[in-house]
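The values are calculated or read from the model by the stated rules, or taken from the named source; none is laboratory data. This one's a predicted model, so the numbers in the text were calculated from it and none came from an experiment. Glycine also receives a Cβ, built like all others from the backbone with ideal geometry; neighbour counts cover every protein chain displayed.
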Protein chains: 4
Amino acid sequence: MIKVGIVGGTGYTGVELLRILSQHSEVSIQAITSRKEMGMAVAELFPSLRGRIALKFCDPADAKLDKCDLVFFATPNGIAMQQTRVLLDAGVRVIDLAADFRIKDVSGWEHWYGMSHACPDLVAEAVYGLPEINRDKIKVARLVANPGCYPTAVQLGFLPLIEAGIVDTDHLIADVKSGVSGAGRNAEVHTLFAEASDNFKAYSVPGHRHLIEIKQGLSNITASLVGLTFVPHLTPMIRGIHATLYARLTADVDIQALYENRYANEPFLDVLPTGSHPETRSVRGSNFCRIAVHRPQGGDTVVVLTVTDNLVKGAAGQAVQNMNLMFELPETLGIDHIAQLP
Amino acid sequence: MIKVGIVGGTGYTGVELLRILSQHSEVSIQAITSRKEMGMAVAELFPSLRGRIALKFCDPADAKLDKCDLVFFATPNGIAMQQTRVLLDAGVRVIDLAADFRIKDVSGWEHWYGMSHACPDLVAEAVYGLPEINRDKIKVARLVANPGCYPTAVQLGFLPLIEAGIVDTDHLIADVKSGVSGAGRNAEVHTLFAEASDNFKAYSVPGHRHLIEIKQGLSNITASLVGLTFVPHLTPMIRGIHATLYARLTADVDIQALYENRYANEPFLDVLPTGSHPETRSVRGSNFCRIAVHRPQGGDTVVVLTVTDNLVKGAAGQAVQNMNLMFELPETLGIDHIAQLP
Amino acid sequence: MIKVGIVGGTGYTGVELLRILSQHSEVSIQAITSRKEMGMAVAELFPSLRGRIALKFCDPADAKLDKCDLVFFATPNGIAMQQTRVLLDAGVRVIDLAADFRIKDVSGWEHWYGMSHACPDLVAEAVYGLPEINRDKIKVARLVANPGCYPTAVQLGFLPLIEAGIVDTDHLIADVKSGVSGAGRNAEVHTLFAEASDNFKAYSVPGHRHLIEIKQGLSNITASLVGLTFVPHLTPMIRGIHATLYARLTADVDIQALYENRYANEPFLDVLPTGSHPETRSVRGSNFCRIAVHRPQGGDTVVVLTVTDNLVKGAAGQAVQNMNLMFELPETLGIDHIAQLP
Amino acid sequence: MIKVGIVGGTGYTGVELLRILSQHSEVSIQAITSRKEMGMAVAELFPSLRGRIALKFCDPADAKLDKCDLVFFATPNGIAMQQTRVLLDAGVRVIDLAADFRIKDVSGWEHWYGMSHACPDLVAEAVYGLPEINRDKIKVARLVANPGCYPTAVQLGFLPLIEAGIVDTDHLIADVKSGVSGAGRNAEVHTLFAEASDNFKAYSVPGHRHLIEIKQGLSNITASLVGLTFVPHLTPMIRGIHATLYARLTADVDIQALYENRYANEPFLDVLPTGSHPETRSVRGSNFCRIAVHRPQGGDTVVVLTVTDNLVKGAAGQAVQNMNLMFELPETLGIDHIAQLP
């Protein structure tokens, strides 16, 4: 059994991590910390976990995280970077679900996240936890930076095209739609039911924090700087990301075969038959990413559609996928839930 | 492994049964029949099952259901009664998720369901599949009538009060709210998104088919005919039933203790602490029924709140619970999913 | 033209009041105050009002409310009672959409609202603004206490039964469902989209502030203290209240005729034909209250269904109806919008 | 008073047309026809119209449409083309809200709509009813082809850029999201609440009927054939269209000023301040189209965001706007409703 600690865990990523880990056959959750909810039973905050998790949120000082094999950070940005070094020094491996270790360009990170980085050297060491790209590095990593929800959906969608070198990478477009849980469990007016329901809007068109992460990932593939227009939208659903990706082809290839071959051995990537349109609900609660590729009217614009659950493959599920790789467990162990439909 | 066949299965009860059974460690699904979708892969109709169920819908004539250990009927009312006898005669056990075998009063059933019954003798034999009442009978039953979604939520809510004989059973009130999936996967105008969203209404106030089923169940407990006003409502959510039950106390007892004691050993009944309000999402995708009891301002009216997932404890999950009992498996096997929240 | 001032107005009641008043042919909005949003254009906060309202939120000190004919308070509880006397003394009439002047029992009010009342004498003077009961008093009132959303729907539903003296008023039950906008535009976790969507729950079953208001109103009708169990529920829709009311008949009357006669001359009360089920969307954005009455299976329990828009007949629309009465305008002027369907 | 007849009117476009026309001060609705609902009161089908429309649906043979000044067709495609000539010959003017007269390329129309056209000569005569482009022609038209919902939002978004000749018109991208009411009031599985709620998907990526209409409109502006990739998506909201449009700039201009100038005199076009993100709810129930333009990170890709209500500016409201123009009424008469928010 892997001894696991969780720092944070009062948000949506946290409760999803708890849902998955508490049903995982090789995990023992040792502690979950929260200064704010210290002393409250986890199942009191999240009644869905009644009868399944007996833990209370505890003070970080009492959590004995240094005795764990692995610690997940399900915290706001800027927390993990304060606490990771001491855990690594104690031999504990770390997966950060926030953004602290995702961006290699530390000054770029500091610009977008509005704070100084506490440990740039660990940023350099951290492995970006997208198994479809970095599987071997993840297996041996001490510190994994779990990708963001938008970056996961967009990178997995563009990956085969960019690896194959068959699109104009100067003018990629990612029009992405997210469910409201992506905004977290913080009380804010714009995500109230009466604001977000029966409504649709784009946001952060001038610039969104995930832009730098996506560009870093895509640029690594092509070994040159990509140009990307990224427009996120808030969609009146709880979970789900739908990325609609546009690129201009520079070569005439069988894109359906390209995607099927690239993802043939990936346990969580599902390329749909030609002509398909994936629905977000087909992955709700599951770690799958489903993909369809189109070339409308046979033109030179390729349209890629990807769907994920932002809290699973876009957060907690991918974190457990990374854990499985790090601890030499079957990659799908404990994250093979079937999507709930309807 | 239990060899299981499914008749029907193109509706919401069917896809939920497939989600549960395909993850159940002691079940092998042998066949699923549908005249309408014959030849289509199950995973084509329900993409959430891609990679998990390889079966195609087949013609009932080709299904060899008589070689199964158990057949589930996830069909419209009136189908199971046509096909059950031959299966029982072949030694196959049957669980009907429709209403064909629920009502002992056959003429009453014929009135409410608008058809003649094909096999009243089997109605007499059938065991009503509410484990919290009939566990021992279910274990040895050949034929189980799986309860309706409303009747499950209402009976479990009233049960302790009526068993204890401490309420006026002539004037029970059940004000119940159901998600739209309870209306099934049939194309009808009133359940379109643009009709049912951002809207709330009562329906069938003059009389609903489940009234007779609930009254039968409650009357069995008290051994006299109960009086019940039952008002169902359509709620703009996909899954979930919330029953708000009202009864007048005729004795002064500790109702919190009454409920906790009655359900202490029930694996799927969760009595919340005093003062609680259960939410439907706390059981979404799970087989739990959560309950809270109130006595507002200390008056003589008791208010019971129960929540279930209409497709799980109200249909497919309870059917698998019954299967587990019938085949001497652990009662919770394969139906211990944690609710998906948010 | 009536010169109108609005105090508050950054919440849902406020924006709805602005939508109605800015289209009202006999109203000139002089000022709208908000300390928090002072200086911001109203249309910046509420883009739906772009091009229709040029005002900015202003400091109360600059608003010259004493030059208005009428001031609406669309503020949190406890504000209007601080500012009303000076306005009345200046000859300004006042409609308070909050609860400050609704409850004649001041100590009861202080208990439920958790504060001392600033002007009990004005409570005594205030007219409860339910036109279907108090039309003549409203016409001459200086100070109108606009009813709460739940109390409006419940009182209009029970009114004919209680006036007729044909039900047991010791054991009334009001099972009421509200859209999420009823909770206001405050940032709170439980009304986030990801919390309130695809979910249903009761709340405040032990006691809700509106209970005292409803009981006061119903007791006034019958001239004796009524007994009421009131259970509010949070429903995943933006607008709408659906009250399901239960009472036991003590006499055998034609309840359909009773309701039709009682409301025959009421411009905003619509009694549906026998056997109907009103939908909340049939009054969305409108000032109507639609009602249906049932007597299931001919028993002694009467079921009344009422629907209103909580922000219109339950708040801003009723306030303007009261204004029309107070200023001798046609009662329906400016509030005859047809509901938006779908 | 304009004597108006309506053919069809049992769908969402119909009920919205009735909502608007019944509140229009210069319109008298003479008849509304429906073979299917013949004899039923309009207000029985649509309770929101109770007390406002006394008409019943009547047989087309009894409707005396030839005595009207104007007939609206709110019918499925293929009906108006059968009945328009006789009306025009009788001196009646016609506005078709379906697609029969929108596409000048009759063979193209026949390909996409799957039927032969009954009157190609009338197609040639018909004026495409987008006032922002064809105002003067509409004023004198006998026959107006009311635009589709997607084409309205997309054309109004691209119009200033294309008129100015400053974008690459070979590679335009329109990523558009529609509420479910756009699919109409027909009973279909994929638009059921339980299918479309908490879900998001693209559809018709290989080709959608509105593509030909949008390309015709944009090509007319630039006087050359444009290249367009059009991806529609189904969004879990009732009303609203959000178009996210992408084009590559070929010249460096002040796009904010370009849009503000182009639409300065348009009564229903609202260009938001720099940096804005329009929300669909800001136009819910209104005839407005709100627009924002962005140039992310100062690159050569311009992003245009437009929102409309698909049933108002995208259908019934625009039809009444056209009527106002045809009958020399103020263009905004009867369609100046403020959006309902929240």
Any idea which of C:Leu329, C:Leu305 is at pLDDT 95 or above, out of contact with any helix residue (DSSP H, G or I) (no Cβ under 6 Å at 6 or more places or on another chain), crowded, with 23+ Cβ neighbours inside 10 Å and outside any helix (DSSP H, G or I)?
C:Leu305
If the requirement is being closer than 25 Å to B:Leu172 by Cβ, in contact with a Phe, Trp or Tyr (Cβ under 9 Å, 6 or more places away or on another chain) and at pLDDT 95 or above, which of these qualifies: C:His190, C:His242?
C:His242
State which residue pairs qualify: first residue closer than 30 Å to C:Met237 by Cβ and within 7 Å of chain A (Cβ to nearest Cβ) and inside the stretch D:237-251, second residue assigned to a strand (DSSP E or B) and of a type in the set (Ser, Thr, Tyr) in any location, beta carbons under 8 Å apart, and separation of 6 or more residues or different chains.
D:Gly240/D:Ser178; D:Gly240/D:Thr308; D:His242/D:Thr235; D:His242/D:Thr306
Test of understanding: among D:Glu195, D:Glu213, which residue is buried (at least 24 other Cβ atoms within 10 Å of the Cβ) and more than 14 Å from the chain's Cα centre (by Cα)?
D:Glu195
Residue identified as within 23 Å of the chain's Cα centre (by Cα), basic (Lys, Arg), in a loop (DSSP other than H, G, I, E, B) and not assigned by TED's automatic domain parsing to the domain that holds D:Asn220 among D:Lys104, D:Lys36:
D:Lys104
Please work out which residue is surrounded by the fewest Cβ atoms within 10 Å (Cβ to Cβ), limiting yourself to the stretch D:126-147 and to residues that are farther than 20 Å from D:Ile214 by Cβ and in contact with a strand residue (DSSP E or B) (Cβ under 6 Å, 6 or more places away or on another chain).
D:Arg142
Please pick out the residue among D:Val42, D:Val7 that is touching a residue at least 12 places away in the same chain (Cβ under 8 Å), more than 14 Å from every other protein chain (Cβ to nearest Cβ) and surrounded by 22 or more Cβ atoms within 10 Å (Cβ to Cβ).
D:Val7
Failed item in (1) touching a residue at least 24 places away in the same chain (Cβ under 8 Å); (2) surrounded by 18 or more Cβ atoms within 10 Å (Cβ to Cβ); (3) in contact with a Leu (Cβ under 8 Å, 6 or more places away or on another chain); (4) more than 7 Å from every other protein chain (Cβ to nearest Cβ), with B:Ala292 passing the rest
(1)
Yes or no: C:Ile29 more than 26 Å from D:Thr274 (Cα to Cα) and not in a helix (DSSP H, G or I)?
yes
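Out of A:Ser48, A:Ser25, I need the residue that is in contact with a helix residue (DSSP H, G or I) (Cβ under 6 Å, 6 or more places away or on another chain) and hydroxyl-bearing (Ser, Thr, Tyr). Which one?
Testing whether each residue is in contact with a helix residue (DSSP H, G or I) (Cβ under 6 Å, 6 or more places away or on another chain) and hydroxyl-bearing (Ser, Thr, Tyr) leaves just A:Ser48.
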Against the condition more than 18 Å from B:Leu130 (Cα to Cα), among the polar types (S, T, N, Q) and in the same structural domain as B:Pro160 (by TED's automatic domain parsing), how does B:Ser219 come out, does it pass?
no
On the basis of being of a type in the set (Val, Ile, Thr), crowded, with 19+ Cβ neighbours inside 10 Å and part of a loop (DSSP other than H, G, I, E, B), does B:Ile53 make the cut?
yes
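Looking only at helices (runs of 4 or more DSSP H) that fall completely inside the stretch B:138-235, which ones have 2 or more residues that are more than 11 Å from every other protein chain (Cβ to nearest Cβ)?
Fully inside the stretch B:138-235 and qualifying: B:149-164, B:209-222.
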Out of all the residues in the stretch B:145-166, is one or more over 30 Å from C:Thr229 (Cβ atoms) and of a type in the set (A, V, I, L, M, F, W, C)?
yes
Determine whether the stretch B:307-321 contains at least one residue that is within 11 Å of chain A (Cβ to nearest Cβ) and of a type in the set (D, E, K, R).
yes
Qualifying residues in the stretch A:57-71 (those that are assigned to a helix (DSSP H, G or I) and among the acidic types (Asp, Glu)) - the one surrounded by the fewest Cβ atoms within 10 Å (Cβ to Cβ):
A:Asp62
If the Cβ limit is 7 Å and pairs must be 6+ apart or interchain, which residue in the stretch B:122-143 that is within 19 Å of B:Leu218 (Cβ to Cβ) pairs with which residue that is buried (at least 19 other Cβ atoms within 10 Å of the Cβ) and of a type in the set (Lys, Arg)?
B:Tyr128/B:Arg102
Those residues of the stretch B:190-216 which are among the hydrophobic types (A, V, I, L, M, F, W, C) and either over 22 Å from D:Ala187 (Cβ atoms) or not assigned by TED's automatic domain parsing to the domain that holds B:Asp175 (or both), in sequence order
B:Val205, B:Leu211, B:Ile212, B:Ile214
Suppose we keep only residues that are more than 10 Å from chain A (Cβ to nearest Cβ), touching an Asp or Glu at 6+ places or on another chain (Cβ under 8 Å) and β-branched (Val, Ile, Thr) within the stretch D:252-289. Which one would you say is nearest to D:Cys149 (Cα to Cα)?
D:Val283
